[in-house]
Amino acid sequence: MKQLLVFIRKEFYHVFRDRRTLLIMFGIPIAQILLFGFALTSDVKNAEIIIADHAQDINTGQITAKIKASTYFLVKEANINTNDIEAAFKKGGLKCVVIFPSRFGADLLHNGKAQVQIIADGSDPNTAKTLTNYLTAIITDYQLQISAATALPYSIVPETRMLYNENANGSLNFVPGVLALVLMIVCTALTSVAVVREKESGTMEILLVSPFKPVMVLIAKAIPFLALSIAIFTLILLLSVYVLDVPIKGSISLLYIESILFIITCLSLGLLISNTTNSQQTALLLSMMGMMMPTLIFTGFMFPLENMPRIFQVISNIVPARWYFLIVKAVMLKGLGFEYVWKETLVLAGMTAVLLAIALKNFKTRLS
């Protein structure tokens, strides 16, 4: 029994000395409970909407006040014209527009029935449906309130429209998200073992005496994977269009250019992982499992980023898939040009440059 206790004590010492084991035991569960508790929610909060009140009467004012009192919306009031609605959505950030016609109060008073138009960004159908349901519930509650107060059967009819997605096709949101997820994981995993494989197989010495510069070695390792990744992207695109009926409304050439930039970003991240790990198993674990959760949570295609605490929204900015997801939605689903995605493109290009520079520096250190 004494010997058993000695061995148990020894194993405890080993566990507490191994920081990686402690991280797995305590760090990952804590991170998961925080992420799942704060980020994984289907509710929509702080969604930016515009209320265009062309009536400016007591009824529209009361409905607007009820909408503003809700925690679901960030309300901006503007007398926006019908022709300017799509331009407002193209700027990004806007989720919904509520339009009260000029005769709203008069129609409600004299006819007992009035209409209000709700236009949502259908490129994210889940969020759009949730927002229209919230607004419809608020309007219905107001309708019941005034009907009970006046004992008259007033009726307010919301007319909803899904901009960019009239049929509310759910694939329109998930295809860009899955595209970002697949490319992020696959492309990172492809190059994550490129350098560490050389060390494990004992061929690093050959690279030491080769006449090629370190940057040429990294480029040579990345180009075959770049070609394979472009083929994967093309295959996913064909399946999306011809199987899932997802249209490409924007420029295909722009979509390819942006996707190639994102692929290079992922390959650069894989090279960085490959240069900082000592085994292929560790590299694959970091590139596949390590990239999956941030991409799923912080991209925005499964859980709205607006719902998350501010710190998680800040963290999402360093996830390349988030910016690529925004680009694909803008180009593929909304038909927007480069002038609307140049900021996201600049962020991806900056990430690529930083990742390549760090990967090259670490590779030179390994060769020296």
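Pick from region 294-308 the residues that are among the aliphatic types (A, V, I, L, M) and either modelled with pLDDT of 90 or more or open to solvent by less than 60 Å² (accessible area, probe 1.4 Å) (or both): which of them is farthest from the chain's Cα centre (by Cα)? Steps first, answer last, please.
Residues of region 294-308 among the aliphatic types (A, V, I, L, M): 296-297, 302, 305, 308.
Now restrict to residues that are either modelled with pLDDT of 90 or more or open to solvent by less than 60 Å² (accessible area, probe 1.4 Å) (or both): 296-297, 305, 308.
Details: L296: 8, I297: 8, L305: 7, M308: 12 Å.
Applying the filter and picking the extreme gives M308.
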### Boolean, E200 is in contact with a Ser or Thr (Cβ under 7 Å, 6 or more places away or on another chain), over 28 Å from F301 (Cβ atoms), open to solvent by 60 Å² or more (accessible area, probe 1.4 Å) and modelled with pLDDT under 85
yes
## Note on the structure
Within region 96-126, of all residues that are at pLDDT below 85 and small (G, A, S), the one nearest to the chain's Cα centre (by Cα) is S123
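I'm trying to understand the selection: among the residues of region 91-144, which are farther than 22 Å from K68 by Cβ and either polar (S, T, N, Q) or in contact with a strand residue (DSSP E or B) (Cβ under 9 Å, 6 or more places away or on another chain) (or both)? Let's see the steps before the verdict.
Kept after step one, since they are farther than 22 Å from K68 by Cβ, are these residues of region 91-144: 92, 103, 106-107, 109-113, 122-126.
Matches in region 91-144: R103, A106, D107, N111, G112, K113, G122, S123, D124, P125, N126.
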### Message
With touching a residue at least 60 places away in the same chain (Cβ under 8 Å), of a type in the set (F, W, Y) and more than 19 Å from M292 (Cβ to Cβ) as the only criterion, which of F338, F325 stands out?
### Response
F338
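Taking the options T365, T352, name whichever one is modelled with pLDDT of 90 or more, polar (S, T, N, Q) and either touching an Asp or Glu at 6+ places or on another chain (Cβ under 6 Å) or part of a helix (DSSP H, G or I) (or both).
Exactly one of T365, T352 is modelled with pLDDT of 90 or more, polar (S, T, N, Q) and either touching an Asp or Glu at 6+ places or on another chain (Cβ under 6 Å) or part of a helix (DSSP H, G or I) (or both), namely T352.
Inspect all residues belonging to region 309-326 and state whether any of them is closer than 18 Å to S123 by Cα, assigned to a helix (DSSP H, G or I), at pLDDT 85 or above and of a type in the set (S, T, Y). Lay out the reasoning, then the answer.
First pass over region 309-326, keeping only residues closer than 18 Å to S123 by Cα: 321-326.
Cutting the leftovers down to assigned to a helix (DSSP H, G or I) gives us 321-326.
From what's left, at pLDDT 85 or above: 321-326.
Checking which are of a type in the set (S, T, Y) leaves us with 324.
Yes: one or more hits.
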### Query
Among the residues of region 345-368, which ones are in contact (Cβ under 8 Å) with a residue 12 or more places away in the chain, of a type outside the set (S, T, Y) and over 23 Å from G290 (Cα atoms)?
K364, R366, L367
### Message
Restricting to region 60-79, give me the number of residues that are among the β-branched types (V, I, T) and either touching a Gly at 6+ places or on another chain (Cβ under 6 Å) or open to solvent by 20 Å² or more (accessible area, probe 1.4 Å) (or both).
### Response
2
### Task
Look through I248, I273, I236, I232 and report the one residue that is touching a residue at least 40 places away in the same chain (Cβ under 8 Å), in a loop (DSSP other than H, G, I, E, B) and open to solvent by 10 Å² or more (accessible area, probe 1.4 Å).
I248
### Task
Scan the strands (runs of 3 or more DSSP E) fully inside region 85-172 and keep the ones with 2 or more residues being open to solvent by less than 10 Å² (accessible area, probe 1.4 Å), under 30 Å from K329 (Cα atoms) and in contact with a Ser or Thr (Cβ under 8 Å, 6 or more places away or on another chain).
94-100, 113-121
### Query
Looking at (1) open to solvent by 30 Å² or more (accessible area, probe 1.4 Å); (2) touching a helix residue (DSSP H, G or I) at 6+ places or on another chain (Cβ under 9 Å), can you tell me which one S316 breaks?
(1)
### Query
How about region 129-157: which of its residues are modelled with pLDDT of 85 or more, farther than 30 Å from V243 by Cβ and of a type outside the set (A, V, I, L, M, F, W, C)?
Y134, T136, T140, D141, Y142, Q143, Q145
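Considering region 276-308 alone, what residues qualify as being under 26 Å from V175 (Cα atoms), among the polar types (S, T, N, Q) and not in a helix (DSSP H, G or I)?
Within region 276-308, the first condition is being under 26 Å from V175 (Cα atoms), and the residues that meet it are 284-308.
Filter once more, keeping what is among the polar types (S, T, N, Q): 287, 295, 299, 307.
Across region 276-308, the qualifying residue is only T299.
The values are calculated or read from the model by the stated rules, or taken from the named source; none is laboratory data. Computed from a prediction, not measured in an experiment: that's the story for all the values here. Cβ sites come from the backbone with ideal geometry, for glycine too, and all protein chains shown count toward neighbours. Heavy atoms of the whole protein, side chains included, go into the accessibility calculation; ligands, DNA and RNA do not. Shrake-Rupley method; radii C 1.70, N 1.55, O 1.52, S 1.80 Å.
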